[in-house]
Structures are given as structure tokens and as C-alpha cells.
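Engineer: My questions all concern the structure below.
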Amino acid sequence: MNLPLDEISKAVSGSLQGHGGVVAKGYSIDTRTLNPGDLFFAIKGPNFDGHNFVQQAFEKKASGIVVDAAFGGSPESSTEFGVIKVCSPTAALQALGQHVRRRWARPIIGVTGSAGKTTTKAMIGAVLSRKFQVLRTIGSLNNELGVPLTLLRLEPGHEIAVLEMGMSAKGEIRRLAEVAEPNEGLITNVNPVHLEFFKSVDEIAEAKAELLEGLFEPRTAYLNNDDSRVRAMARKFDGRIVTYGVKTAAAFRAQQIQDRGIEGSTFVVHHGRRDMKFALPMFGTHNISNALAAITVGATHEVPWDEIQTAIAGLKPEKMRGQVTRFREGFAAIDDSYNSNPRALTEMIRFIGKLQGFSRKIIVAGEMLELGTESAGLHQACGREAAEAGADFVIGVQGMASEILEGARATGISEEKLKFMPDAAAAGEFLARTLRSGDVVLIKGSRGVKLEQALNTLRARFSSLES
């Protein structure tokens, strides 16, 4: 939404120097991607200070800058450049996002959960796009900066928005809801993640429930009935509740599931007196749950059922979130390297264990970060799952991933099947020496392990086919 600097200054309670009629054509917090006409927010972080790049913003023809009131190094103002001084550029970014949201004044759906929120958000966007003009979060820009930046992409033509909301501490989702003022909220699940910052999984559930507490009228909650902690949130919510589930009774339930391996699955959604069959080209029970969430939201917004079927049939995995790459040399790699947590890794290991059509199954599991004092035990449990799934190799990558091997070892897997690698590069080299025709390899780890580098090694050494 293009806004003049004087309106922006008022919205963020700032002091404007320069011509207030200059219009911001976009909004940026990074001069590397700043376009001419963008308004630059000089954000301060733990390892960077945007004020060091103010001159760069000026040289790249920004419409103006938003800086700390104490900052004294601004370029000279002109009719083509404005300086807005504020108490905090981060707070100003959030205030402007809220201002644009209120100016736009249409429905917003917030999506959160311990796992699957990025994929679910993308699926909801695809389904709703069959009827509406939809704005959705790009990638996983789901934090205190990403949410307001997404709001600033709103345009008059958008009819509905789907925003991903992430957190690693109590109160963060509450703050995001204050900025975005969502009318609807969907919670995928509650898993043992970020335990470094929480005393228990129940505390994580309380932090996720902040989304429901922060909903604005008319309030609708979409809840995954398969997750007991999410299901329990219904007791404290007095707005409209719409449930979905694969394993439990719900308003929208997936039944008659047929697993087609890495090609995906088919299933029937039962709702009221209606049964509709869906073909999902993404594998795993977790993706059926994600797709069911999108179907639930779409049907609630009266997207025609045949349009929902078309949207689901055309889905593709987000980058590094279950992408399958086949190689001419006869093996396949499942790239789920964007992130990991104990429950998500367990689900993927079980999927690999049941997968047909491959002679050897190799699991590359990176360290799972932010698990606090429970980390060793949670890693070991995943190792036991890998052994029980019949993995031909279990490769632990970096730090605490050694405990994955300990768990597998305790379950009786032979020592020659266990390998520890200090980093993703070493894992890639091992795979390049080891993989052969008929193999399938799962690559999954926390973002900090950067396991996509292992897949990049395979792509450099072998000939990949279209995924």
C-alpha cells in the first residue's frame, strides 16, 4: 500500500523532516534488496544496526528513512527524501503495519503451531485463491519484523490475508496478534520445540493459545482435534470453533486414506452429510493433516468443493520442506532440511520405514536445537525410531545428533550402520560415496545445521531429475 510520508509519520508517532507528500512505494529493512522509492526502516538487532546503512538507502534512491530519534547521521533532506525520527524503528514498523491493516479492514487468518505452519499457510492460500484475491506470508516471515512487513504488502484488491505467526518465547504471538488484529486463528499442533525457553510443553501450548486470545470479531478458531493440547484450547475460547482431524472425530475428518508413497496420498473428507475425495501430491500423514486444515478453512469460507479439490491436487511442497529429488543414477533424496523437531522427525522416520519401492533407506538427521535439558533424551528417542524403522544407515550430523546414534545403538542396530558427521559438508561427502541405485535418503535437521548443503553436494556430483 503506497502511502505519503506525512501519513506514515503520523501513524508511527514520528517527527518528519522533508517533504511529507513523497509517497513510499514499498518498505524495506535491508538495503541489499531495497528498491527505488522504498521507505527504509533502520532496524537494530543483536548483531546488526540498520543505521549503518542509511547512506546506502539514500544512494539507492529510497523515498525516506525511519531512524531512532537520537540518530544524527541522516543525509540532508530534500523534496525527494524524507527522514522520520521515532523512539524505535522496530515499533514504528509494527505501528505502520497495524495502520495499514486497519485501513484495509478485511479478514485476516493467523496460522501458528509447532510444526507445519508454513506448509499449512501455503495450502490455505492456495485453496482460498480459488475464490479470493489472497495475500499470504512469503516463506516464513513470521516474526516481529516479518508480520508487519507482510501487512505492508496489502493492496486494496486483496480480499483476505493468511499470516504465519511464529514464536520462541511467551508473549510473542500476543504481540503479533496486536499488530495484525486477526479475525481467525488456526493452530496446527503443539510439540516439544523451543524447550530451552519454556519449562514444559504445556507452557508452549499456552504461548500458542495467545493467537486465539488475540482474535478480533468475528472470531473463528480452527483447531486440530488430533492434538490433545490444541483440542483443550476450545474450553477457553468463546468464539466460533471449527475442528478438523485425521485420527479423531471432528467437523472435518479425513478418512479412507490410501498411501501412494512419495507420490502422495488420496483420502476422503467427511463433513456433515458430504464425502469428498481428494488427491494430495505431497507425502506423509502430516501433510494430510495440513491439507485438511486448508480444506476446513476453504469450505468455511464457501470456496466451492470442486475448486478446493483442484487446489489440493495442484499443491507442491515448499522449498526444503519435503521436496523429492530423483537422480539419474537411480536414487532419490527427500529434502526436509528447513527445520526439525522430535515429533516431525519421528513422523518422517516412520514414513521412510513404511516406504515401498526402495532397496535401502538412509536417514540423515541433524541436531535438533533449542530442546533444553530434555535434548539428549529426545534425540535418543528419534534414534530408537530409526532403528525400529529398519534404516540401513543412520547418520547423525552435528552436536547432539550423536545422541540419535546412541538411541539407535541401544535398540540393537549394528555399529556399521551408524555414522556421526561433524557438519553438513561431511554428511554430503559420505552420501556421495555411499548412495547407489535403489536408495532413498531422508535429509532433515534444524535450520542451524544447514543440511541442504548435503543435498547440494549430491546435485553437484550427480544428475538430478525434476522433483
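Engineer: May I ask you to verify whether residue 115 is in a loop (DSSP other than H, G, I, E, B) and in contact with a Lys or Arg (Cβ under 8 Å, 6 or more places away or on another chain)?
Structural biologist: So residue 115 passes the test.
Engineer: Please state which one of 184, 203 is out of contact with any strand residue (DSSP E or B) (no Cβ under 6 Å at 6 or more places or on another chain) and in contact (Cβ under 8 Å) with a residue 12 or more places away in the chain.
Structural biologist: One residue alone meets the criteria, 203.
Engineer: Tally time: how many residues in region 296-322 are surrounded by 20 or more Cβ atoms within 10 Å (Cβ to Cβ) and of a type in the set (S, T, N, Q)?
Structural biologist: 1
Engineer: Okay, moving on. Can you give me the number of residues within region 175-200 that are surrounded by fewer than 16 Cβ atoms within 10 Å (Cβ to Cβ) and assigned to a helix (DSSP H, G or I)?
Structural biologist: 1
Residues are listed down the side, and each one gets a yes or a no for (1) closer than 25 Å to residue 282 by Cβ; (2) buried (at least 16 other Cβ atoms within 10 Å of the Cβ); (3) β-branched (Val, Ile, Thr):
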position: 364; (1), (2), (3): yes, yes, yes
position: 375; (1), (2), (3): no, yes, no
position: 385; (1), (2), (3): yes, yes, no
position: 390; (1), (2), (3): yes, no, no
position: 397; (1), (2), (3): yes, yes, yes
position: 410; (1), (2), (3): no, no, no
position: 435; (1), (2), (3): yes, yes, no
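Engineer: Hey, can you tell me all the residues within region 214-233 that are assigned to a helix (DSSP H, G or I) and surrounded by 15 or more Cβ atoms within 10 Å (Cβ to Cβ)?
Structural biologist: Answer for region 214-233, where residues must be assigned to a helix (DSSP H, G or I) and surrounded by 15 or more Cβ atoms within 10 Å (Cβ to Cβ): 229, 230, 231, 233.
Engineer: Give region 34-57 a look and list any residue that's closer than 22 Å to residue 158 by Cβ and in a loop (DSSP other than H, G, I, E, B), or say none.
Structural biologist: Of everything in region 34-57, those that are closer than 22 Å to residue 158 by Cβ and in a loop (DSSP other than H, G, I, E, B) turn out to be 35, 37.
Engineer: Let me ask you something else. Would you mind finding the one in 320, 276, 233 that is out of contact with any Gly (no Cβ under 9 Å at 6 or more places or on another chain) and at pLDDT below 95?
Structural biologist: The unique qualifying residue is 320.
Engineer: Let me ask something else. Any idea which of 84, 29 is closer than 21 Å to residue 136 by Cβ and among the hydrophobic types (A, V, I, L, M, F, W, C)?
Structural biologist: 29
Engineer: Ok, one more. Of the residues in region 443-467, how many are surrounded by 24 or more Cβ atoms within 10 Å (Cβ to Cβ) and within 21 Å of the chain's Cα centre (by Cα)?
Structural biologist: 7
Engineer: Here's another thing I want to ask about it. Considering only residues that are aliphatic (A, V, I, L, M) and crowded, with 23+ Cβ neighbours inside 10 Å, which ones fall in region 323-343?
Structural biologist: Matches in region 323-343: 333, 334.
Engineer: Let me ask something additional. Out of all the residues in region 270-322, which are in contact with a helix residue (DSSP H, G or I) (Cβ under 8 Å, 6 or more places away or on another chain), assigned to a loop (DSSP other than H, G, I, E, B) and among the basic types (Lys, Arg)?
Structural biologist: Answer for region 270-322, where residues must be in contact with a helix residue (DSSP H, G or I) (Cβ under 8 Å, 6 or more places away or on another chain), assigned to a loop (DSSP other than H, G, I, E, B) and among the basic types (Lys, Arg): just 321.
Engineer: Please give the strands (runs of 3 or more DSSP E) falling wholly within region 363-467 in which 1 or more residues are within 18 Å of residue 348 (Cβ to Cβ) and not assigned by TED's automatic domain parsing to the domain that holds residue 114.
Structural biologist: Output list reads 393-397, 439-444.
Engineer: Given (1) outside any loop (DSSP other than H, G, I, E, B); (2) touching a Lys or Arg at 6+ places or on another chain (Cβ under 7 Å), identify the lone condition not met by residue 340.
Structural biologist: In the conditions (1) outside any loop (DSSP other than H, G, I, E, B); (2) touching a Lys or Arg at 6+ places or on another chain (Cβ under 7 Å), residue 340 misses (1) alone.
Matching residues to (1) modelled with pLDDT of 95 or more; (2) over 13 Å from residue 333 (Cβ atoms); (3) out of contact with any strand residue (DSSP E or B) (no Cβ under 9 Å at 6 or more places or on another chain):
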{"site": "359", "(1), (2), (3)": "yes, yes, no"}
{"site": "365", "(1), (2), (3)": "yes, yes, no"}
{"site": "409", "(1), (2), (3)": "yes, yes, no"}
{"site": "429", "(1), (2), (3)": "yes, yes, no"}
{"site": "432", "(1), (2), (3)": "yes, no, yes"}
{"site": "443", "(1), (2), (3)": "yes, no, no"}
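Engineer: Let me ask something else about it. Those residues that are of a type in the set (A, V, I, L, M, F, W, C) and farther than 19 Å from residue 301 by Cα, I need them from region 114-160; list them, please.
Structural biologist: Scanning region 114-160 gives 115, 138, 141, 145, 147, 149, 151, 152, 154.
Engineer: Report yes if residue 191 is polar (S, T, N, Q), at pLDDT 95 or above and in the same structural domain as residue 120 (by TED's automatic domain parsing), otherwise no.
Structural biologist: Answer is no for this residue.
Engineer: Restricted to region 18-30, and to residues that are buried (at least 18 other Cβ atoms within 10 Å of the Cβ) and modelled with pLDDT under 95, which residue is farthest from residue 152 (Cα to Cα)?
Structural biologist: Within region 18-30, the match that is farthest from residue 152 (Cα to Cα) is 18.
Engineer: Considering only residues of region 130-153 that are of a type in the set (D, E, K, R) and part of a loop (DSSP other than H, G, I, E, B), which is nearest to residue 174 (Cα to Cα)?
Structural biologist: 144
Engineer: Test residue 49 against the stated conditions and say whether it is among the acidic types (Asp, Glu) and over 17 Å from residue 99 (Cβ atoms).
Structural biologist: In short, yes.
Engineer: Search region 141-174 for residues being buried (at least 19 other Cβ atoms within 10 Å of the Cβ) and polar (S, T, N, Q), and hand back the single one that is farthest from the chain's Cα centre (by Cα).
Structural biologist: It comes out as 150.
Engineer: In addition: What pairs come out if I take residues in region 94-113 that are without any contact (Cβ under 8 Å) to a residue 60 or more places away in the chain and more than 9 Å from residue 11 (Cα to Cα) and pair them with residues that are surrounded by fewer than 24 Cβ atoms within 10 Å (Cβ to Cβ) and not aromatic (Phe, Trp, Tyr) whose C-beta lies under 8 Å away, six or more apart or interchain?
Structural biologist: 106/158; 106/159; 106/160
The values are calculated or read from the model by the stated rules, or taken from the named source; none is laboratory data. Computed from a predicted model, the values in this text were never measured in an experiment. Here Cβ is always computed from backbone atoms with ideal geometry, including for glycine, and neighbour counts include all displayed protein chains.
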